[in-house]
Structure formats: C-alpha cells, structure tokens
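> Sharing a structure with you now.
The values are calculated or read from the model by the stated rules, or taken from the named source; none is laboratory data. Because the structure is predicted, anything quoted here is derived from the model rather than measured. Quick reminder, even Gly has a Cβ in these numbers, built from the backbone with ideal geometry, and neighbours come from all protein chains shown. SASA here: full protein model, heavy atoms, side chains in, ligands and nucleic acids out. Shrake-Rupley method; radii C 1.70, N 1.55, O 1.52, S 1.80 Å.
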Amino acid sequence: MRRAALGAGSALLLLWPFLVPRYFVFLTSLVVVNAIVAIGLNLLSGYTNQLSFGHAGFFAVGAYVAAVLTLRAPGVPVVATLVLAGLATALVGLALGIPCLRLEGLYLAMATLAFGFVVVEAIQNLDWLTRGNDGVAVPTAHLGPLALASDAAKYYLVLGVGALMVAAAVNITRTRTGRALLAIRESEIAAQASGVHLAAYRTLAFAVSAFYTGVAGGLFAFVVGFISPDAFDVFLSVDFVAMIIIGGLGSIPGSVVGAAVITLLYDWLAAFQNYRPLLFGLILIGCMLFMPGGIASRMPKWTQQAQ
Amino acid sequence: MRTLLTTVLALLAVLGVSPVDAQTPGVTDVEILLGGSNSFSGPLAFTGEQMTKFGVDLYFRVVNDGGGIHGRKVRTIYYDDGYKPQEAVANTRKLVEQDRVFALIVPQGSPPVVATLGYVETQRVPMLFPYQSSPVTRGKKYVFQGMTVSDRSSRMMVDHLAGQRKHKRFAAIYQDDEYGKSFLTAFEKDLGRHGLALLAAESVKRGVTDVSAQIAKLQAAKPEVLFLVLVPGPAAQALKERQKIGWKDVLMVSTGPLTDERYLALAGDAAEGVEGLSLWPDPVTSDLPGVKRYREHMAKYFPKNEPNRYSIAGYFAGILFTAAAQRAGRTLTRDSLIASLEGLKGFDSGILPPLTMAPDHETQKQGFWVRVEKGRFTQVTDWLKSE
C-alpha cells in the first residue's frame, strides 16, 4: 500500500508540469518551498519543543544570501548557492541558538520573534549589499550550462531539493540524533539522565532547522524572482508556525500537508480581499477545534513514519 | 505502476493536442475582464480598497449601466497582496494565467509593482496606471504610469519655490527607499539648474515614526524650505516635532504622494500653513466638472463612502481605460489598447488638465500648489508645468 502510493505520488510529481497549467506549477513550487521550512521548523519545535516565531528571519537570510551570491557571482552553480545559503543561515541559527539555550516557552518565542525583526532591520540598513527597502530582482539560477528560467525548470529544482531534504529529515528522525531530540521533547530530565547532552542537541536542532529554512529561502528567491524586506515580516513567521500546528507537531508528512494547506489557503483567500485575514483566522480556529493533533493525526496509519 | 504511467501519458497526449485559442484573453462578445493585485490588508489597505472598489469599479458601474464599451460590460477581479511582493507576483500570475484578464489595473506600491514588472513585459500584458511614484516604470511598452513620477513633481516644486518665489535655502527629510531617494536625486538636479543645492538631507527608515533627531539636525542647517518626502505617519510626526521645538522660520513642503487628507488629520493643528504639491483637485470641494460628476456618481452608487483622493484616482483610471477601449473599437486586442492609449491627445477628463499620453506613457504630469488653511488644502496656483 505504502509503496504503491509512494510510486504513484512520485510519478505524479515528476509529470506535474506536463499535466497542469503553469500557474499551478509555480504554486506547487511555493508549496514545496514552504514544506521545507515547515520540516525544518518541525525538527526544532516538534522534536525538541522549542517554539520559534523567527523563522521568517532565517528564511530571509537564506533568500538574500542566494540572491546576492547569484548577483555577484553568476557562475556559481545553483546547488552550491543553495548549500551556501543553508550553511550561512545555519551559522546564524547557531549564533541565535546558543544564547537561547537558557530560554524556554514564551521567553524563547519572544527572543525568536525579536530575531525576526532584527533580520528585517538589518536588511533595510545594509543597503549597499541588499538594496534596502527597494528589494532585489533575483537573476535566473544556473546549473552548469542550463538556465533554470521556466516554471518547470524551477519546479524540478525545488522538487529535487525538497525530496533530498525530506529524505534527510526522515533519516535524522530515525537515527540516534533523532531519538535524542525526541527524548528531549518527552522529558528533558529523563533525556539528560540517559546521557543525552541537552545543550548540544538543542543547539544542533537550531542549526539544522536554520539550514532547512535557509535552503528554502534560497529556493524562494529563485521561484518568486524578487525579494524585499516586506516579504519577511512577522506574519510569515506566524504562518510557518501555523503550518506545523495545522499539519501536526513532530510529523514530517504533517509538515508537508500543513505547508500545502496554508499556501493554498493564501492563494484561494486572496480573492476575498478585506475578508482574507478574518477567513484565514476562522479556518485556523476550526482546524484547531476539530483536529487538535493536526492533520497528521487524522491521516491513515501507513503514512506515519516509523519512530 | 505501469497502468498509472499509461494513464498519465494518455492524459498528456490529450492535453498536448488541445487547441490554443487565438482570441484575446479577457475579451468576449459581452465582457471585458480586468484584474489587479492590490493592498486590501497591510499598511495601504485603505488606499487599495478605495482605489479599486470605490474608484475603478465606481466608474465601471456607470459605464456598464450606460450599455458598456461597444456592447461589452467591464468586470474586475482583485486579489489581496497585503503590500508583499511575493504575493503580488503570485496574484498577478494567477490573474494572467488562470483568470486570463485582458489587462492589469491600478496595482499599488513600489515593491509589489517592481516585483511584477518583468513578468508583465515578457507576457505582454498591459499594466495600467500602477499607483507608485518612482520612475522604474519608464520605458516599458506595456506599462502606463499612474501617479506623477518623482522627477516631474520635483521640477514643479523647485521651479515654483526657487524660480517664482526666489527661495534660496533648501533641505529635505526623506524616506530611505526608492520613493525617497528618487525624489532626492531629482531635487539635487533641479536645484542645480537654479544654481542651488540641498543644504542638508536627513533620511528616515521605513516604518520609523520618531523623527525628532532628524528635525533637530535640519533646524541647525537653517533652511528656508524643508521638503517632506515621507508617508503620512512620520510626516505628521515631523510637523508636530517642529511645532514642539518652536521652529517657525521654515516653510514645510509636502511632495505629491504625501499631500492627502489622511496626513492632515494625523498632524492636526501642526499642519496649519504647510504647503505642498497637490496631484488631484480637492475631491470634496472642487468645482471642476469631472470632480462634480465623480461626487454625483459616488452619491448614487456608494452613498455611504466619503469622496477622497484614492477613489478619485481609481475613478480616473476607469475613465482612461474606457476612453482608450472605446477608441480601439469593437475588435479589442492588447496591442490595439496600447496603440489607442498612446494615441490619446488632449484628452479632457474634467478632473486633470488635458492629457496627451505619447511618448512617455505617463497619465499624470501636472500638479498645483496648495496651502493648508483651517485644516483643508486651499489651492494657491493654477496647474504647474512639468515639461
């Protein structure tokens, strides 16, 4: 059952650009980008119970590193650009993660929230590098001789990276590291008693989460083609948190579904103009009331990864 | 697995041979479909809603009730982008590719508009009258600028103040983005023509409301005229700060995009005596025939909505589109619309001075001088020249 579904799903994803209009290819790319962020955030929040309201900040760092790198050094292949975007963001994640070790719950949420504002402020003020509020038009990504200009090309890039990131996340959760993270979520004291180095793993979770979000930010810059500080406000961070809560904390399939739901809701609700925020809020409240464990808790058993 | 692949391939084949229709998108026998991404949430939500629903749509209701354009009714779709560029890109693509709109109308704000310019040009979709003042829209075949571009505003302001009124000492406080910087560059250039230069210029980051430090520094430079290149919040703050520190011997002058009623309301009595360039006749009090018609239409279709600058800007966009589509005739295509817009000569809307569109694709080229008296803008000069 599981294999058949996976096969059919992969075939559908691979053929997707030939099946649907361009706009849906673009939209699907955005869903995958958001899914990568949601997985990254879930590794942090779902596995080690550290809630972050600053992931728009990491997302922005990744997007700007990728954009500026492509502008300054057009010859760098896109894969290297994305890895660098991820690594740079992971460093920022470390820098934020270490001082945040002492913080928990609401205080951690506040610190990460502030981090999101700091990043936007930094982008606005480093205008020699980021062009400030005016934003950056992101050049086309190159993979060797290939220019990834069409929606389909960008989609395959996003899909390939997305698949790698999902596979990596599934593997992390199944290794010693993953079990250590889960142990921390269940009980920090018990985890420590079993020899889990709390500070090291919590910091690691921060860095890995930032890496995921940075890579996604880089992809976002290429898919949308234009970035400005306005794109990365605090509401984007809230959307990311909404994705993993709707999808299901600690679940990778849930992260993907949550990202899809939120991204498509935004697309669909744009037509309601002034009522958009109201409807969005009502739908989220509805989801929380009827599916408190997230969509993942209602998905068939075979979709759950072994833990 | 194999059956699945066969099905998918069969589907592909079917899709592959589906005929591409040669008809102009968004134009049928009975309808013209226009669309736009705009702010319905976020910092410019009020402007966005007024411009679209109570401006563009107001005029199209009048047109549709009068039988439409060559028998076609005009319909509009708007999507909310909340002033975010990525959502403007998504919305614009959805409008062009899914809804297949004929043209895009009154998108708002520099970041969302700039983010979509490249796409619009490659898709050859007319972008009509984007509501933002930076010159980035210049030289684009499919874009017709909506708001007066900053360098034209600057020329009118400097020629009036330095040319006619012989002021010599100028300074500026500006928002640190495309809007502010494009004005600053233009001021330097135009003052240079009069053999003058800016004595001081202080920047304000977007979203910041405390401008006391900047005002103190500018006061030290002793300018006769201080240009305010800001948005309503910080501009009102600048006026209040000036009042607080008792800085009297300076003339505060607001740029075109700033000169609106919202800014006056925020500043209260600190706005008294402020001057500025107005890009629109007063929507509430003007006796111009077009403005009177606008008020009558507003009273008829949306009696609860107060007349304001944003809805009149949208209403004017509706007038221009209708005039161009009328001239283009029954066979309306995107290129015939562009040609028809470019061919508008001495077009009289009754709201702005007669408009000739070619060769610069700009719909608003003039403004007039106003002074705030008893909380309202009073007209001081006739339309100023910007050529």
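> Among all the lysines, which ones have a C-alpha under 19 Å from B:Lys189's C-alpha, if same-chain residues fewer than 8 places away are not counted?
B:Lys189 reaches B:Lys166, B:Lys168, B:Lys181, B:Lys365, B:Lys385.
> Once you sort the root eigenvalues of the Cα gyration tensor of the range A:163-237 as a ≥ b ≥ c, which label holds: rounded (a/c under 1.5), prolate (a/b larger than b/c) or oblate (the other case)?
It is prolate, given that a/c is not under 1.5 and a/b is the larger ratio.
> Which whole-number value in Å² is the accessible area per residue of the range B:50-196, probe 1.4 Å?
Accessible area per residue: 30 Å².
> Taking every eigenvalue of the Cα gyration tensor of the range A:26-232, multiplying by 5 and rooting it, what semi-axes result, largest first, whole Å?
They are 30, 20, 12 Å, listed largest first.
> Further question: Suppose we keep just the DSSP beta bridges with both residues in the protein assembly as shown; what percent of those would be antiparallel, to 5?
Just about 35 percent of them are antiparallel.
> If you take the alpha carbon radius of gyration of the range A:1-74 and divide it by 2.2 N^0.38 Å, what ratio comes out, to two decimals?
Rg over 2.2 N^0.38 Å, computed on Cα atoms: 1.47.
> Related question: Using a 10 Å cut-off around each Cβ of peptide A:10-23, what is the average number of partner chain Cβ atoms that fall inside?
That works out to 3 on average.
> Just counting partner chain Cβ atoms within 10 Å, what average do the residues of peptide A:276-283 show around their Cβ?
Mean partner shielding for this stretch: 2.
> Order of A:82-91, A:114-123 by packing, highest average Cβ count within 10 Å first?
Most protected by this proxy first, the peptides run A:82-91, A:114-123.
> Let me have the relative contact order for the range A:26-232, percent, based on Cα pairs under 8 Å that are six or more residues apart.
After rounding, I find 46 percent.
> Compute the distance in nm between two label points, each set 7 Å from the Cα along the Cα-to-Cβ direction, one at A:Leu91 and one at B:Glu31.
5.4
> Give, in nm to one decimal, the length gained when the segment between B:Thr122 and B:Lys217 is fully stretched (0.36 nm per residue of separation minus the Cα-Cα distance).
Length gained between B:Thr122 and B:Lys217: 29.6 nm.
> For A:Ala200 and B:Ser203, what is the calculated FRET efficiency with R₀ set at 41 Å and r taken between the beta-carbons, to the nearest 0.05?
Working from the Cβ atoms, E equals 0.40.
> While we're here: For every helix of n ≥ 4 consecutive DSSP H residues, a contribution of -39,500 (n - 2.57) applies; sum these over chain B, divide by its total residues, and give [θ] at 222 nm rounded to the nearest 500 deg cm²/dmol.
-12000 deg cm²/dmol
> Ignoring ligands, DNA and RNA and using a 1.4 Å probe, state the total buried accessible area between B and A in Å², rounded to the nearest 100.
So the buried area, both faces added, is about 3200 Å².
> Divide the volume of the convex hull of the Cα atoms of the protein assembly as shown by its number of residues and quote the answer in cubic angstrom per residue.
So the per-residue hull volume is 176 Å³.
> Would you list the membrane-span-like helices of chain A, meaning whole DSSP H runs whose alpha-carbon atoms span at least 24 Å along their axis and whose mean Kyte-Doolittle value is at least -1.0?
Long hydrophobic helices here: A:2-19, A:22-48, A:55-72, A:78-100, A:105-125, A:151-174, A:198-224, A:252-269.
> Moving on to the next point. What is the ratio of the Cα radius of gyration of the range B:163-275 to 2.2 N^0.38 Å, where N is its residue count, to two decimals?
The value comes to 0.98.
> For the pair B:Asp382 and A:Phe235, how long in nm is the line joining their label points, each one 7 Å along Cα→Cβ?
Computed distance between label sites B:Asp382 and A:Phe235 equals 4.6 nm.
> 5 Å is the cut-off here: which amide hydrogens, built 1.01 Å from N in the peptide plane, fall below it relative to A:Phe226, excluding neighbours closer than 5 in sequence?
Hits under the 5 Å cutoff: A:Val138.
> How many Cβ atoms of partner chains, on average, are near each residue of A:231-237 if near means within 10 Å of its Cβ?
3
> Moving to a separate point now. What is the spin-label model distance, in nm, from B:Ser336 to B:Arg100 if the labels are put 7 Å beyond Cα along the C-beta direction?
1.8
> Quick check: residue separation of A:Phe117 and A:Ala4 times 0.36 nm, minus the Cα distance between them. What number comes out in nm?
36.2 nm
> If you don't mind, there's one more thing I want to ask. Pop out the carbon and sulfur fraction of the accessible area of the range A:26-232 as a percent, whole number, probe 1.4 Å.
Carbon and sulfur atoms account for 71 percent of the accessible area of the range A:26-232.
> Taking the Cα of A:Leu279, stepping 7 Å toward and past its beta carbon, and measuring to each backbone N in the range A:218-260: which are under 18 Å?
A:260
> Compute from the Cα atoms of chain B the Rg and the Dmax, the latter being the longest Cα-Cα distance, and quote both in angstrom.
22.8, 84
> A further question follows. Which residues does the label zone of B:Glu306 cover in the range B:261-285, counting backbone N under 18 Å from a point 7 Å along Cα→Cβ?
B:261-272, B:280-285
> Sorted by mean Cβ packing within 10 Å, highest first, what order do the peptides B:146-152, B:361-367, A:211-217 take?
Result, highest mean Cβ count within 10 Å first: A:211-217, B:146-152, B:361-367.
> In addition: What accessible area per residue, rounded to a whole number of Å², is obtained for the range A:69-182 using a probe radius of 1.4 Å?
Roughly 51 Å² per residue, with all protein chains present.
> Is the C-alpha gyration tensor of the range B:24-168 telling us rounded, prolate or oblate? Criteria: a/c under 1.5 is rounded; beyond that, a/b larger than b/c is prolate, otherwise oblate.
prolate
> Going Cα to Cα from B:Lys141, which aspartates and glutamates come in below 15 Å? Please leave out same-chain ones fewer than 8 positions away.
Within reach: B:Glu121, B:Asp335, B:Glu342, B:Asp360, B:Glu362.
> For the ranges B:277-286, B:132-141, what's the packing order if you count other beta-carbon atoms within 10 Å of each residue, average per peptide, and put the highest first?
Packing proxy ranking, top to bottom: B:277-286, B:132-141.
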